[in-house]
Amino acid sequence: MSFALDVFAPAEAEIATTVTTEANAPLVSSASIAPDSDPVAADVVLDEDSELLDRLAADDETAFRMLVERHIDRAYAIALRIVGNAADAEDVVQDTMLKIWSHRGRWQHGRAKFSTWLYRVISNRCIDLRRKPRNENVDAVPEVADGQPDASRVIERNELNDMLELAMQRLPEQQRIAVILSYHENMSNGEIAQVMDTTVAAVESLLKRGRQQLRQLLCRHERDIRTAFTDC
């Protein structure tokens with residue numbers, strides 16, 4: 001199901017897994033997702049990047065390039081979704097990759113996978129950028145006109161997707177990141193919980209409240225969204 005349609009899925013479908021979440025689940029701090037300092041070794045988990053990290057610790061530049069090539073596309077995609085700006089996303093990714101190189105001898109294999117730590121750092125850097133004043137306003141997006149038989153269905157969907165992206169930018173930080181990781185990066189709730197350093201129950205709550213807020217922001221366009229993304 002399209003994310004645009006899922007935003008308007010019946011609220012009853014969310015109750016089964018989230019009914020006790022908001023009252024009991026600890027949520028992550030609004031200041032950041034989690035400290036992005038070097039992980040401390042704990043229960044060792046399998047990590048496909050372990051060999052490259054060991055080589056990187058020995059100043060192997062080839063291993064660094066391979067590590068960057070393996071993760072840069074997804075890291076950039078996450079950053080772009082969060083900050084909504086290509087230039088800022090590039091800066092975030094570049095800064096993070098430089099951090100990996102400059103801290104190459106400090107990595108400790110442990111409970112967190114390298115990719116989990118990487119996406120956590122990316123998200124934290126994006127949160128810092130997001131604190132700068134922004135001018136986007138979902139209300140400024142033109143209304144989708146009704147009854148335009150000659151309009152391209154593709155163009156209409158693109159306009160609605162743009163509207164959805166602007167609405168996403170208005171979500172609270174933690175809700176927005178949870179929604180992005182879930183719907184755009186196809187991460188499981190368990191994976192999101194690791195990246196955000198919280199519980200699965202808290203992630204479920206963030207996703208539920210994120211969808212609720214998106215429904216409120218886009219309520220005027222619900223019929224257009226249902227029509228555009230159902231009539232494929």
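The values are calculated or read from the model by the stated rules, or taken from the named source; none is laboratory data. A quick note: this is a predicted structure, and the numbers were derived from the prediction, not measured. Glycine gets a Cβ as well: all are built from the backbone with ideal geometry, and neighbour counts include every protein chain shown.
Quick notes on this one:
- Flag if residue 78 is surrounded by 15 or more Cβ atoms within 10 Å (Cβ to Cβ) and modelled with pLDDT of 90 or more: yes
- Residue ID - nearest to residue 105 (Cα to Cα), chosen from residues in the range 55-77 that are more than 24 Å from the chain's Cα centre (by Cα) and of a type in the set (Lys, Arg): 55
- Members of the range 81-90 that are part of a helix (DSSP H, G or I) and either crowded, with 18+ Cβ neighbours inside 10 Å or touching a residue at least 12 places away in the same chain (Cβ under 8 Å) (or both): 81, 82, 83, 88, 89, 90
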